[in-house]
Amino acid sequence: MEALPTEILSVIFILASDEDVLFQHGLPTSMASSAWFKGTFGVWTLRQPSEALNVLQRRSYATKKSIMMTCRAFHRVASELMFHCLFFNTPDKLPLLCAELDRKTTDPSPAWWSRRVHLTCYNISSVLDRDNGTALCSILRHCSNLEIAVLSVPTTVDSFMFLADTLCTYNKHTLRTLQLSVPILSLSKLIWMLTSLPNLTCFHVSLTSTQDQTADESPELGAAQDIVFTLAHLTQLSLSGHAGPFLEQACNWNFPSLRFLSLSTYQPDVISFLDAHGKDLTFLDITCPHRIHIEQAILRCPQLTTLCFNADWPLEGELIHEHIHSVGLHGLRLAFAPPTAEGKVFPLDSMTRRANDANFATVMASGHLPKLQRVRVLSGTVLSELEKRGGPGGAPPGPYGYTDESEDGIKRWERWWDTCHSAGVRLEDCTGGELGILPGVEEVIDDEDDEDDEESDEEVDGSEVSGEEEEDDEEEWEEYSWEYEVPPVDQNDTSGVGELRRLIEECREMERSRDP
């Protein structure tokens, strides 16, 4: 290995550390699959795509560190790889790297190799204050080849002002993917920043408001009011929070390449925005705490193939579209749950369950979505509750022994399953597996299989199972087996690096066995 050219070693190490996944420009959508994993105490837990990406980055760091500790030749090649992706799990770590980069006198700076900067935090009250924001801006000035900036920690008005100026000055030609959390009071600065990022392809922004600001209050935009500009390469746009003023201004902008639109906002003017930018959309995700005219929205998107909406609000019309093949349903928190712990049925909960049934019937109406292939329940909370209860919850019988099927989660799951099965549509949960098949079922099936084998060995008459029955059993087990062997992070060897991963494991073993 040491005799290989530096360029080949670098490519090998890049593939082994999953950088081909980390450097994808697209941001996860609501249709991205979650994954089951067992925690420290053996409890099944869902890992969201965003958290899986964080785990992947930590694993990438561990892989690179093992490579560096193997030998001097590997250390020389892999040292620059440590800067390819800069991952921070708290803003407090930013000043440490900032001071280290400022001390470096090499040309180019180690951060010249950085293509991704990812800042996250597990403390929901954390913000990017002015001091940490200044450190982040200093780091970004060193990252002259930055392509992806995922900054999920909320910024303040002051810190965002410095951040926007830095991105527009030092990273405007290379930046492709940007994720931000910005106060709504900085909307004008955000608009001016977008005008200076011509090569942006994926953009997500969460617009937050202060406690003393009402939902209908719009920020002062000044010269940014009604400005017109073009983002020629913007393919994916995702908005959350108080994005109404942003959408109102965006109706005047030009997005000729926009294909993916995700809205999780409080007061969006969706129809006007789709009138301006919906003709080429292939993915539309609308999650709002109030009713949206979905049936009118899809009429503005003739090329739409994937639709996601809140199934807790009843639709007023029919969903008719000739290209939609995937539908994602948000909400459904009460659809498969028992009425309450005491068995009481509340009118508002009953209305929500009936809306769930009506919306599902609208989606599955014969001939309305002729290319429909799958319906996915997008809520991870719904699936986690199903796993805790061991399945859908049934409704208690009434005073006369009658059970209302509209309140029964088991009956609803059976109806939905039968409807999808008869229509040739796959009913999925947020992991991409079939809804209703929970983690641990495979282990139960394997245990029953082992018990059956032991019993068959102890039988005196030596009776055998027919070949036809064995074939049916194998088909049934194969149907369940792939559902629960979902790794915390996607480990499918799509890039042919399985051999490289084994090499890295050998490097790690060498490091562990090295004499102190």
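The values are calculated or read from the model by the stated rules, or taken from the named source; none is laboratory data. Quantities reported herein were computed from a predicted structural model and do not represent experimental measurements. We place every Cβ from the backbone using ideal geometry, glycine too, and count neighbours over all the protein chains shown. What goes into the accessible areas is simple: the full protein's heavy atoms, side chains included, and nothing from ligands, DNA or RNA. Shrake-Rupley method; radii C 1.70, N 1.55, O 1.52, S 1.80 Å.
Rolling a 1.4 Å probe over the protein heavy atoms leaves His290 with an accessible area of roughly 60 Å².
Other residues within the sphere of radius under 11 Å centred on the Cβ of Val11, judged by their own Cβ, net out at -3 (K and R +1, D and E -1).
In plain terms, the chain from Leu4 to Arg389 could stretch by 133.1 nm, reckoned as 0.36 nm per residue minus the Cα-Cα distance. Subtracting the Cα-Cα distance of His290 and Cys71 from their residue separation scaled by 0.36 nm leaves 72.9 nm.
Applying the Karplus relation 6.51 cos²θ - 1.76 cosθ + 1.60 with θ = phi - 60° to region 279-296 yields 3J(HN,Hα) values of 5, 10, 5, 10, 9, 9, 10, 10, 10, 9, x, 9, 6, 10, 7, 4, 4, 7 Hz, where x marks Gly and Pro.
If you take the beta carbon distance between Trp417 and Thr195 as r and set R0 to 45 Å, what does 1/(1 + (r/R0)^6) give as a FRET efficiency, to the nearest 0.05? Calculated transfer efficiency: 0.35.
Can you give the percent of C-alpha pairs in region 1-156 whose distance is more than 22 Å? Mind showing how you got there, number by number?
Details: 5954 of 12090 pairs.
When all Cα pairs of region 1-156 are counted, 49 percent exceed 22 Å.
Excluding ligands, DNA and RNA, what is the solvent-accessible area per residue of region 146-241 at a probe of 1.4 Å, expressed in Å²? Don't skip to the end; give the middle numbers.
Details: 3750 Å² over 96 residues.
With the other protein chains kept in place, region 146-241 gives 39 Å² per residue.
Once you place label points 7 Å from the Cα toward the Cβ at Ser126 and Met161, how far apart are they in nm? Between Ser126 and Met161, the simple spin-label model gives 2.5 nm.
Multiply the residue separation of Cys168 and Ala99 by 0.36 nm, subtract the distance between their alpha-carbon atoms, and state the gained length in nm to one decimal.
Working: separation 69, 0.36 × 69 = 24.84 nm, distance 2.27 nm.
So the extension gain works out to 22.6 nm.
May I ask which of Lys371/Lys411; Lys38/Lys93; Lys65/Lys104; Lys189/Lys279 have a Cα-Cα span longer than 24 Å here? With Cα atoms farther than 24 Å apart: Lys371/Lys411; Lys38/Lys93; Lys189/Lys279. Tell me the carbon and sulfur percent of the accessible area for region 38-182, rounded to whole percent, probe radius 1.4 Å. Answer for region 38-182 is 56 percent, counting heavy atoms of protein chains only.
Check each of the trypsin sites (Lys or Arg not before Pro) in region 40-121 and keep only those in coil by DSSP with at most 16 other C-beta atoms within 10 angstrom; list them in order.
On the way: sites: Arg47, Arg58, Arg59, Lys64, Lys65, Arg72, Arg76, Lys93, Arg103, Lys104, Arg115, Arg116; in loops: Lys104, Arg115.
Hits after loop and neighbour filter: Lys104.
Count the net charge of all other residues whose Cβ sits under 12 Å from the Cβ of Asp280, scoring Lys and Arg as +1 and Asp and Glu as -1. Don't skip to the end; give the middle numbers.
Numbers: positive: Arg259, Lys279, Arg300; negative: none.
Summing Lys and Arg as +1 and Asp and Glu as -1 gives +3.
Using heavy-atom solvent-accessible surface (probe 1.4 Å) with all chains present, what is the largest-first order of Ser144, Ser10?
Ser144, Ser10
Counting only protein heavy atoms and using a 1.4 Å probe, the accessible area of Lys411 comes to about 80 Å². By a 1.4 Å probe calculation restricted to protein chains, Asp18 has an accessible surface near 10 Å², given to the nearest 10.
So, counting K/R as plus one and D/E as minus one, what does the shell of residues with Cβ under 14 Å around Leu94 add up to? My count for the surroundings of Leu94 gives -2. Here is the list for region 280-326: GluC sites (Glu not before Pro) lying in DSSP coil, each with at most 12 other C-beta atoms within 10 angstrom of its C-beta, are Glu316, Glu318, Glu322.
Just flag the chymotrypsin sites (Phe, Trp or Tyr not before Pro) in region 120-215 sitting in loop per DSSP whose Cβ has no more than 11 other Cβ atoms within 10 Å. Write out the running numbers ahead of the final one.
Working: sites: Tyr122, Phe160, Phe162, Tyr170, Trp192, Phe203; in loops: Tyr122.
For chymotrypsin sites (Phe, Trp or Tyr not before Pro) across region 120-215 that sit outside H, G, I, E and B with at most 11 neighbouring Cβ atoms in 10 Å, the list reads Tyr122.
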